[in-house]
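Presented below is the structure to which this report refers.
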Ligand code: BES
Ligand code: ZN
Ligand code: ZN
């Protein structure tokens, strides 16, 4: 029996423990009386306005049982993300009061993609990371929902059922990434990332193949920048390449996805202060996104060839660690003066970009928890998007918007290029100025990109929620980027 079912909407509340009802402030409650009047009166008493993110749990009696109608404000310009957030908030409420059956009544204002938004809201809002908690706490936090009925107009039933399937796949992929990010660096080593990639390939029924290069092989490929970062760690670096090929793909368009895969970032000899290191197990969130996407590619089946690259290693201080002032030769042949060993992500990405370019892909997209500076600029909810191609910028922003994963365009300013010039090498790994660190990091990557259409997405802010602010993203790893990329790949596969 499936968790989700789609039913035909009526104008009364369904006989379920909790019904989610969307309401745009100032508009009528979309039900028949006396239920509409009862809800309207209660909302009036509470001085509800129907703003987005406003929620009201209103108890009422029906057939001698107590039921709850969970009213979610839609705001002035309702979007699909209002649905996703509202449902996520409802599922969290339901868990606290031990309710297991939920009905969601689709609003008139939004019909399209309602199925995927509801499923994502339930699965992502209800997510919690529990493997290390005692059994009792696990059971409490896990309290699962047994049935979610989605009520839609009779013409929307088939489309909504289809949307539910998409939503399940997208949510599963995001949760795959969340679990990897939430696991400590003690258990997610570079080798574990490589084994995760192998596992994904094994389960893909031949659609996905994987290749993992060890230290020796990376040396042979000249990956001096990546290996410099890995040098001080006792774990072995792993360079992971995944390739997905759709069954019928005459056009052979290729997209390369690159994920930053630093399983722990201590800063190296340019050691981070303790506080800055506390959450640095998340520095492989970009890699987790790539793996999350690949975990569903052979089911979502976008009509486009997709390659995934992860240069996985740890950034640790040690007697044999890389030092500030060292100069290394990257796989591209360019030399890099390492001024700060904590600006390590760009070094690993530089070699991953060079590796990806061997394919001559049509598009390169990298995701990286790259700079604290990006968090300072955009906060924890927005990712920075740096892109050298306007069509690609638009496609990414559209996909991000549809999935409620917000990116903000940032500039690749030519004027700042001199900041990463070095007197002793082709390029230096930090800017000479204190400011605009997110931009100089992006400009550094661009040195290795050349002319290929490319997007760099700095996810340092949204990769991890220290506290929940958006109900779709409970505390911890967010999986930010997974759904946006799946959406993007599906869409450009159709172009
Ligand atoms: N992994 C960090 C960036 C980061 C910071 C991610 C906060 C998530 C949250 C990255 O490797 C780093 O340390 N960047 C430095 C660069 C600096 C030394 C030029 C930074 O942003 O401070
Ligand atoms: Zn760092
Ligand atoms: Zn880092």
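Based solely on its DSSP helices, what 222 nm [θ] is calculated for the chain when runs of n ≥ 4 H residues each add -39,500 (n - 2.57) and the sum is averaged over all residues, nearest 500 deg cm²/dmol? Could the numbers behind the result be given before it?
Numbers: 15 runs with 179 residues, N = 495.
Rounded to the nearest 500, it is -11000 deg cm²/dmol.
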Roughly speaking, what is the centre-to-centre gap between region 79-140 and region 358-372 when only Cα atoms are used, to the nearest Å? 32
Residues of region 303-329 with amide nitrogen under 18 Å from the 7 Å Cα-to-Cβ point of residue 236? 310-315
With R₀ set to 41 angstrom, the calculated FRET efficiency between the beta-carbons of residue 191 and residue 62, to the nearest 0.05, is 0.15
For region 192-348, calculate the relative contact order in percent as a whole number, restricting contacts to Cα pairs under 8 Å that are 6 or more residues apart. 33
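Quick check on packing: order 115-123, 411-419 by the mean number of other C-beta atoms within 10 Å, highest mean leading.
Sorting 115-123, 411-419 by mean packing, highest first, produces 115-123, 411-419.
How far, in nm, would the chain grow between residue 245 and residue 37 when pulled straight, counting 0.36 nm per residue and subtracting the alpha carbon separation?
On the way: separation 208, 0.36 × 208 = 74.88 nm, distance 5.58 nm.
Gain in length upon complete extension: 69.3 nm.
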Name the residues of region 399-424 whose amide N is less than 18 Å from a point 7 angstrom out from the Cα of residue 391 along the C-beta direction? 399
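Hull surface divided by four, with the convex hull built on the Cα atoms of region 313-396: how many nm²?
The Cα convex hull of region 313-396, projected and averaged over all directions, gives 7.3 nm².
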For region 393-495, the Debye formula with one identical point scatterer on each Cα and no solvent gives log10 I(q)/I(0) at q = 0.10, 0.12, 0.22 Å⁻¹ as -0.38, -0.54, -1.14
For residue 98 paired with residue 27, estimate the spin-label separation in nm (one decimal), with each label point 7 Å from Cα along the Cα-to-Cβ line. 3.6
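Listed highest first by mean packing, meaning other Cβ atoms within 10 Å per residue, what order do 21-29, 265-273 come in?
On the way: 21-29: 16.8, 265-273: 19.3.
The packing order, highest mean first, is 265-273, 21-29.
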Of all DSSP beta bridges with both partners in the chain, the antiparallel percent, nearest 5, is 40
Given the peptides 456-469, 93-106, arrange them by the average over their residues of other C-beta atoms within 10 Å, most packed first. 456-469, 93-106
So, in Å, what gap is there between the alpha-carbon centers of region 163-180 and region 414-461? 33
Region 11-126, convex hull of Cα, quarter of hull surface, nm² -> 6.6
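Tell me, rounded to the nearest percent, the portion of alpha carbon pairs in the chain spaced more than 34 Å apart.
Details: 46191 of 122265 pairs.
Value for the chain: 38 percent of Cα pairs lie more than 34 Å apart.
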Roughly how many nanometres apart are two label points built 7 Å out from the Cα toward the Cβ at residue 216 and residue 275? 4.6
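Just so you know, all these numbers are worked out from the coordinates, no wet-lab data involved. Because the structure is predicted, anything quoted here is derived from the model rather than measured. Virtual Cβ from ideal backbone geometry, glycine too; neighbours counted across all protein chains shown.
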